[in-house]
Amino acid sequence: MPVACPSIEHCPLRCEAGLQRDERGCFQCECVPTNRPEQCPALSTQNCDKQCAHGYAKDAAGCVVCKCAKCPPLHQCMKHCLYGFESNSIGCPVCKCRGNFISVSIFHSYSLVQK
């Protein structure tokens with residue numbers, strides 16, 4: 001029997017790693033914790049000579065490194081996307097919500113049209 005999940009339509013959170021799920025698989029209005037380092041070395045003109053249009057990239061630990069980010073940040077996007085954002089042709093996230101992959105793939109598999 002499918003699980004009936006509570007609505008999180010009015011959840012005000014915008015989470016970097018997405019929303020947490022409960023033991024039934026339902027989304028909760030809580031952010032998935034991110035692994036942020038306590039201390040990162042600072043970038044300065046002495047250790048980095050790059051000027052980056054979209055800011056700097058981050059390493060696996062979440063620290064800023066002297067390498068330009070290829071994608072602009074989505075700070076101005078006010079959408080709350082349950083399944084994350086869509087990506088453009090070069091792989092950058094855009095301010096458009098990605099649909100539920102399961103329902104989208106079923107519709108494509110059977111050549112159905114959503115109403």
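Here, each number is a calculation from the coordinates, and none is a lab measurement. Just so we're clear, the structure is a prediction, and the values are computed from it rather than from any experiment. Please note: Cβ atoms are built from the backbone with ideal geometry, for glycine as well, and neighbour counts cover all protein chains shown.
Test of the criteria: in segment 1-77, which GluC sites (Glu not before Pro) are in a DSSP loop and have at most 11 other Cβ atoms within 10 angstrom of their Cβ?
Here the GluC sites (Glu not before Pro) that fit, given the DSSP loop and packing criteria, are E9, E16, E23, E38.
Between Y83 and residues 5 or more places away or on another chain, which pairs have amide H atoms under 5 Å apart, with H built 1.01 Å from N, and which residues are they?
Under 5 Å from the amide H of Y83 lie the amide H atoms of R98, each far enough along the sequence or on another chain.
Setting aside same-chain residues fewer than 8 positions from K79, which lysines have a Cα under 29 Å from its Cα?
Candidates past the 8-residue exclusion: K58, K67, K70, K96, K115.
Ordered by residue, what ³J(HN,Hα) values in Hz, to whole numbers, does segment 43-56 give under the Karplus form 6.51 cos²θ - 1.76 cosθ + 1.60, where θ = phi - 60° and Gly and Pro are x?
With coefficients 6.51, -1.76 and 1.60, one gets 8, 9, 5, 6, 10, 7, 10, 8, 10, 10, 4, 10, x, 9 Hz.
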